[in-house]
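The values are calculated or read from the model by the stated rules, or taken from the named source; none is laboratory data. Keep in mind it's a predicted model, so treat the numbers as computed, not measured. Here the Cβ is made from the backbone with ideal geometry for all residues, glycine too, and neighbour counts use every protein chain on show. Surface areas here come from the heavy atoms of the whole protein model, side chains and all, with no ligands, DNA or RNA. Shrake-Rupley method; radii C 1.70, N 1.55, O 1.52, S 1.80 Å.
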Amino acid sequence: MAGTAHCSLQAKRLLLDPRFEGYKLSLEPLACYQLGLDAAVAEVQLRDDQYTLDHMRAFGMYNYLHLDSWYQDNVYYVDQFGRVMNLSVTLDTALQKPREVFRLPTDLTACDNRLCASMHFSSSTWVTLSDGTGRLYLIKSGKRGSSTSEKWEIVFSEELGSPFIIAHSVSFVKSDAHSIAMLLLRVEKDELDTKGSGFHVTLEWVTIAERKEGDHTYEIIRRRVLQGKSVPHYAAIEPSGDGLMIVSHKPFIFMQSESEKLEENDDVEVPNEKKDPLYYWQQTEDDVTITVHLPQDITKDDIKIHFSPDNIHVTLKDQPPFIEGKLYSSVDHESCTWIIREDKSLEISLIKKNEGSRWPELIIGDTRGEFITDSSQCSEIAESLMHLTSEVMNPNPEKENPPCNAQELEECDAFLEDGASLCRFDGDTLKVTHVINLGSNQYLFSVVVNPREMPCFCLRHDVDALLWQPHSDQPENMWEHIATFNALGYVQASKQDKKFMTCAPDYSYAALCECLRRVFIYRQPTPLATVLYNRKEGRQVGQVAKQLVATLEANDPILGFQATNERLFVLTTKTLFLIKVNSGN
């Protein structure tokens, strides 16, 4: 990936607590309210041909409850009659029944291969909606959460091929035209994949724009497709619509359409012709030799070479520098020489300052040269590495320090075959501009803290869970560590039946739920009203973090889970539960 910046996530030490002592189970009662639904949630079971782990992650673990982050305590779901139902909460003691705000025009039961209906709130007045059959709706909603101002009106509707779910969407203005960009997720059959699962994952990046300013009619202006071999943990478009970020175990690449391939072939005159190297170089333990084939009209007087301890500068006939840049390692510049050989080639000799070291490249970042290895050097390298290899497993088990035995590893030591990575794609070049290898930093969940920014993602760092806010407009601070949930990375690993995980937008608590009934809440540490001592260390404890457990009175599986600063919303097939976690200010 030439031109890709390899980055790392920088945690803020002030947000880490190395003295965190764990969560104390609290028995304080949690106020829990429940609302019976007029009609069951439009749950779609996986079909027999949706048998892979990717199908389960994308559709089987789908969150059917949608939180509208633009308005406080405002949630939506779709019922089995195709109605988009809304619950807006102001007072827990005066809860209204969920109300219908929109009805899908299509009969959901008529489509055999449909997916679950999905939606995303692009802005405070725009919604993208899919009925699960392959049709996309762009809706102007008005100010949501109020029965007087909320009116959903279809502005654009089009069939976009095979069924999909909406992963993310944004609303922005570009070139004085209002645009909506969205990511559509599909798991599709891959006839070419004979050794894997037989499926691949696609993310279609669709941009819809207003035809003319004030015209109020919209059309699709661009469709781009990314393809990968795993369902992304996180996929979001930047607020400006100029790029997107993806966290996934397997890499995604843009698939070119036939027209784009033709345009690219027109731009590149001879795309497959390999250029001859500008120079050749070889090395020993003591020196480096560079060979350059000179044009016929070049004489000794036309050549100017400047050596310095870390740089080389070669100019031919007052032209721009022929070879220039920083050397991989320092040289003894006063001992460096050059000559012109009989075959009209320029030979430059560099004397290494650090004898014995091997250079992986001559000039840092310069790929115009070709390294030549002779057979004697190859045998030397092979011999030096011989002690690291063997044709038999564990050839000397009686050795004082035997190699690692995989059977002695615990389950928590095992990692997936491919480590996850975070990639940022440019919308114009369709190339990866930034990449972060997440390694063992397990992805936990995503949450919207500020709806005008990209969603945050939470990763496990050692035992903690760290929340990261992407800033696409700040290249020097593109991922900011904004909050820490102490020991949550360790705690959640023990919850084998967990289904959903989230946190409050103000970071006051994190929560996770199991597939059935149980909800766990982890509050941030708060100051104590009474004096408490740590008996082991003999010191006063200033604050304590509490764990709370709620058990829902329902036998139906949990289908949706969302958190606001004050409450948790839990959706089952026929009931919507509200758990009061924090009291309002």
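Worth a mention:
- Conditions (1) open to solvent by less than 40 Å² (accessible area, probe 1.4 Å); (2) in a loop (DSSP other than H, G, I, E, B): number failed by ILE521: (2)
- Residue among ASP112, ASP107, ASP49, ASP73 that alone is of a type in the set (Asp, Glu) and touching a strand residue (DSSP E or B) at 6+ places or on another chain (Cβ under 8 Å): ASP73
- Those residues of the stretch 61-100 which are within 30 Å of the chain's Cα centre (by Cα), farther than 30 Å from PHE199 by Cα and surrounded by fewer than 16 Cβ atoms within 10 Å (Cβ to Cβ), in sequence order: GLN72
- When the stretch 62-80 is filtered for residues that are part of a loop (DSSP other than H, G, I, E, B) and among the hydrophobic types (A, V, I, L, M, F, W, C), the ones remaining, listed by number, are LEU65, TRP70.
- Boolean, VAL463 is open to solvent by 40 Å² or more (accessible area, probe 1.4 Å) and β-branched (Val, Ile, Thr): yes
- Matching residues in the stretch 335-359 - criterion: being in a loop (DSSP other than H, G, I, E, B), basic (Lys, Arg) and in contact (Cβ under 8 Å) with a residue 24 or more places away in the chain: LYS344, LYS353, ARG358
- Between GLY134, GLY161, the distinction of being open to solvent by 20 Å² or more (accessible area, probe 1.4 Å) and without any contact (Cβ under 8 Å) to a residue 60 or more places away in the chain belongs to GLY161 only.
- For the stretch 34-60, the set of residues classified as within 30 Å of ARG523 (Cα to Cα) and either surrounded by fewer than 12 Cβ atoms within 10 Å (Cβ to Cβ) or at pLDDT below 90 (or both) consists of GLY36 only.
- The set of residues from the stretch 317-358 being among the aromatic types (Phe, Trp, Tyr) and either at positive phi or open to solvent by 60 Å² or more (accessible area, probe 1.4 Å) (or both) comprises TYR328, TRP338.
- The lone criterion from (1) within 20 Å of PHE485 (Cα to Cα); (2) in a loop (DSSP other than H, G, I, E, B) left unmet by LEU568 is number (2).
- Residues being of a type outside the set (Phe, Trp, Tyr), on the phi < 0 side of the Ramachandran plot and surrounded by 10 or more Cβ atoms within 10 Å (Cβ to Cβ) - total across the stretch 20-33: 6
- LEU183 falls short on exactly one of the conditions (1) in contact with a strand residue (DSSP E or B) (Cβ under 7 Å, 6 or more places away or on another chain); (2) open to solvent by less than 40 Å² (accessible area, probe 1.4 Å); (3) in a loop (DSSP other than H, G, I, E, B), and that condition is (3).
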